[in-house]
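The values are calculated or read from the model by the stated rules, or taken from the named source; none is laboratory data. Just so you know, these numbers come straight off a predicted model, no measurement behind them. Every residue, glycine as well, gets a Cβ built from its backbone with ideal geometry; the counts of neighbours run over all protein chains shown. Calculation scope for accessible area: heavy atoms of the full protein, side chains included, ligands and nucleic acids excluded. Shrake-Rupley method; radii C 1.70, N 1.55, O 1.52, S 1.80 Å.
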Amino acid sequence: SKPWIETSYHGVITENMDTVLLDPPLVALDKDAPVPYAGEICAFMIHGQEAPFEAVVLNKTSGEGVLRAKGLVDCETQKEYTFLIQAYDCGAGANGVSWKKSHKAVVHIQVDDVNEFSPVFREAIYHAAVTEGKIYDSILQVEAWDQDCSPQYSQICNYDIVTSDTPFAIDRNGNIRNTERLSYDKQLHYKIMVTAFDCGQKRATESVAVHIDVKPVCKPGWQGWNKRMDYEPGTGSKQLFPKMHLETCDGPLSAVRAMVELQTSHIGKGCDRETYSEKSLQKLCGAASGSTDLLPAPAASTNWTASLLTDSGRDSDLIFRFDGRQASNVPERVVPQNLTDQFTIATWMKHGPSPGLRAEKETLLCNSDKTEMNRHHYSLYVHNCRLVFLLRRDFTQVDTFRPAEFHWKLEQICDKEWHYYVINVEFPAVTLFVDGVTYEPYLVTDDWPIHPSSIDTQLTVGACWQGGEVSTPRFTQYFRGSLSGLTIRPGKIETQKVISCLQACKEGLDINSLESLGKDIKFHFNPAQSVLVMEGEDLESVNTAMGKVSYINSRQFPTAGLRRLHITTTVQCFGEDICISIPDIKAVVIVLPPSEPRITIAGSDRLVKPSADLRGATGVAPFKELRITSTVTKSDGTVHRPGVLEVMHNLDYCDVLVIGEELNPEHESLEIHHSSLIGKHLDATNSTSGISIYGVDSMAHYEEALRQVRYRNWRPATLTNRRFRLTCSELNGRYTSNEFNLEISVLHNSAPVEHVNHMAVQSQYMRPVHHPLMVHTLNSHISGTPPAATVVIVICIAALVVIVVLGIYRLHSTHLDGSKREEDGAKDPKMDWDDSTLTITVNPMEVREH
């Protein structure tokens, strides 16, 4: 007979165990029992799905068996198994032949879960923000999950706040709420730790951090900006508000307009500009030559400004202040005599409203009769906040009624700010430029030309000279305000490009990565780039654009200090809604002091030259081995390790002064050939006091020019030496070099003598060291000298006297020979008597003495 088993079985196995509990139990019956073999059960066979189970016979006679797993069963991998099982009897004999098998029964096994996994939060960290003063039903929801396969162990049944004493609670679904009203002033940030439990009460191994920011009650305005931004010189364009954004409290906006204003009126002449002298600036900007500076720095040759009040701006920016009582007559030798139909007058002016109801004329520049009469030939004056230029032509030039007074009415004239005024005269047309912008006169009045006379004229700055119609000639129509860089150039007018260069600000607002601005953003700068207006309809685009607003200062050595920023914002809303008001922003940019350069001039400080070299056609080059370097001291981030770096920058003048008696033009000169300045932004002037090379140019070009300076003396017989002092400047004296003294010694001897003076090129950072102990020892030896040694010393002294007498005689003979050669016009071979090969050592660690 065939064995018999149940038609189906249901089993349960716990994961990670191997025994299966079957219902009903696994038992096979055979009708052939109790016949041996034929009535016994020998095996159970499993079919299908490659089930990881096996069936084992426990008792052949009773047919009992057991089902077990071949390996560990994982519920998370598979929760259920279904397969077929079949029983086999032992057949007809011991060898198992003629086995009979039962029908196939279905076995369904369910894997029971074990709580082996802990809950895990879906986020590593949670963030939320709440507004102060509100009670929230749910601030945010945290969520954890469990890898276990059964609902009992995979579901999260509870959450808990681990952090104690917090004004928050959490429910079983993970919703966090506040239990009391929060205050921004009391605490603006909370961090709480939260854990989770599954339904088997297994706790999460790691708690999660929840950060809750408390925001103040929503107030429209800009957020995420700092009141102060430090600007390091030389760093280019630096963003002012990289993280700034506009909070609108969900207002229905249609457009935003923001105006950023950089306030620099307290810096120099209205902003940070190059502070070179007017001559140097004009050469730098490519202006036509031939201008006359009517307000130069007071000096021996420019003494007419010495009596004026100077308001020395920062960084050597020369400013003259007129309070209604100062004026100055310009010497006749300085006054341009040939004003034609074309000329230019330019000046910086700062002027406010005039006191009184009927303000008097305030004259900047006036050319009037010196005596007898009171005719004004040309003048520039302010009257009732109007700028007026008067130009009366001579009768010999024109004999008809012609334009004579040109009037401009501008806000800039009385706004108490610095502005750059340029008047271009192309008679009969006159054009005014203010800060590079063109203005035509609103009124032009005609007048008759001035009849010729033999009366001299007087050019005056700060008032007008009244030489006639009064008992005592005096100044009148005094100016009240500040002037700087007042120049007049006859024969030519300035171009727009040159005018823009002369008044250009070196600092201003900027936009980083202009191409990345949104297409809907519109922006506009004023000419000085001190005001930026931005408009946009999309709030996100406006926020991005404002984050790119930057400050830039292109000067290598900018004026340090504070610059104020002012941002005003207007918002347009949809429909008839009341629009929100955005408070103004006030911030500052602090321009940090630049590292001050130390300009060092080095070279041989004593030259020995034969007199024939001085008489030569080209003379001698005192500075041909000159070297100019500049260094700055910068910290490397540590307090005790400053580093010294060599820097390259421009110079604006180098002066060579004669020490001692001035040059005698009858037999000596100090000059530079014009060809040495070609290709450079340099010019030179010389006098009996020395030579000045000026213009904004590199140190290398100044080196080349100074090496071409020649000293010549065609009667050097009575000359023993000549001494010169060289100093160089950057930014009109803001940074000056050391005083480099050079002495040329004249050798009146035809015999060539090789001589190298090593002391002349001693390194500047080496200083002679005196040893008092050695001196004392020497003196003590001398004081104790025995009589025999005294005799030796007396003999040595006598020998020395003989040598000195012979030397004097030799020099006298040489002098006579040199004089005779001069009379015969003979030329000695040119000998280069430089002390030594030039050695330049700049000690960057040497402390500058003040």
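Name the residues in region 712-725 that are touching a helix residue (DSSP H, G or I) at 6+ places or on another chain (Cβ under 7 Å) and part of a strand (DSSP E or B), would you? Scanning region 712-725 gives ARG712, ASN713.
Please find, within region 568-586, the residue that is farthest from VAL656 (Cα to Cα) out of those that are polar (S, T, N, Q) and either in a loop (DSSP other than H, G, I, E, B) or open to solvent by 30 Å² or more (accessible area, probe 1.4 Å) (or both). Out of the qualifying residues, it is GLN572.
If the condition is being under 17 Å from THR618 (Cα atoms), assigned to a strand (DSSP E or B) and among the charged types (D, E, K, R), then region 662-710 contributes GLU668, GLU671, ARG710. Give the residues of region 587-618 that are buried (at least 21 other Cβ atoms within 10 Å of the Cβ), part of a loop (DSSP other than H, G, I, E, B) and over 38 Å from the mean Cα position of the chain (by Cα), sorted by residue number. SER604, the sole residue that qualifies.
Residues of region 111-142 that are closer than 30 Å to GLU80 by Cα and exposed (fewer than 14 other Cβ atoms within 10 Å of the Cβ): ARG122 alone. Across region 154-178, the qualifying residues are those that are closer than 14 Å to SER138 by Cβ and touching a residue at least 40 places away in the same chain (Cβ under 8 Å), and the one among them that is surrounded by the most Cβ atoms within 10 Å (Cβ to Cβ) is ILE176.
Reported count of residues in region 331-373, each being hydrophobic (A, V, I, L, M, F, W, C) and either in a loop (DSSP other than H, G, I, E, B) or surrounded by fewer than 16 Cβ atoms within 10 Å (Cβ to Cβ) (or both), is 6.
Evaluate the following for VAL208: is it open to solvent by less than 40 Å² (accessible area, probe 1.4 Å), touching a Phe, Trp or Tyr at 6+ places or on another chain (Cβ under 6 Å) and more than 30 Å from SER154 (Cβ to Cβ)? The answer is no for VAL208.
Among the conditions (1) at pLDDT below 90; (2) out of contact with any His (no Cβ under 7 Å at 6 or more places or on another chain); (3) buried (at least 19 other Cβ atoms within 10 Å of the Cβ), LEU645 misses just one, which is (3).
Remark: pairs (first residue in region 226-246, assigned by the TED database to the domain that holds PRO558; second residue β-branched (Val, Ile, Thr) and in a loop (DSSP other than H, G, I, E, B); Cβ separation under 9 Å; 6+ apart in sequence or on different chains) = LEU246/ILE582. For region 438-489, the candidate set comprises residues that are surrounded by fewer than 17 Cβ atoms within 10 Å (Cβ to Cβ) and β-branched (Val, Ile, Thr); within that set, the residue that is farthest from LYS416 (Cα to Cα) is ILE455. Looking across region 224-255 at every residue that is modelled with pLDDT of 90 or more and part of a strand (DSSP E or B), the one that is nearest to PHE557 (Cα to Cα) is identified as TYR231. Just to be sure before I move on: is SER307 of a type in the set (S, T, N, Q), loosely packed, with under 15 Cβ neighbours inside 10 Å, touching a residue at least 60 places away in the same chain (Cβ under 8 Å) and not in a helix (DSSP H, G or I) in the structure I sent? When the stated conditions are applied, SER307 does not pass them. Residues of region 291-300 that are farther than 25 Å from ILE267 by Cα and either within 33 Å of the chain's Cα centre (by Cα) or exposed (fewer than 13 other Cβ atoms within 10 Å of the Cβ) (or both): ALA299, ALA300.
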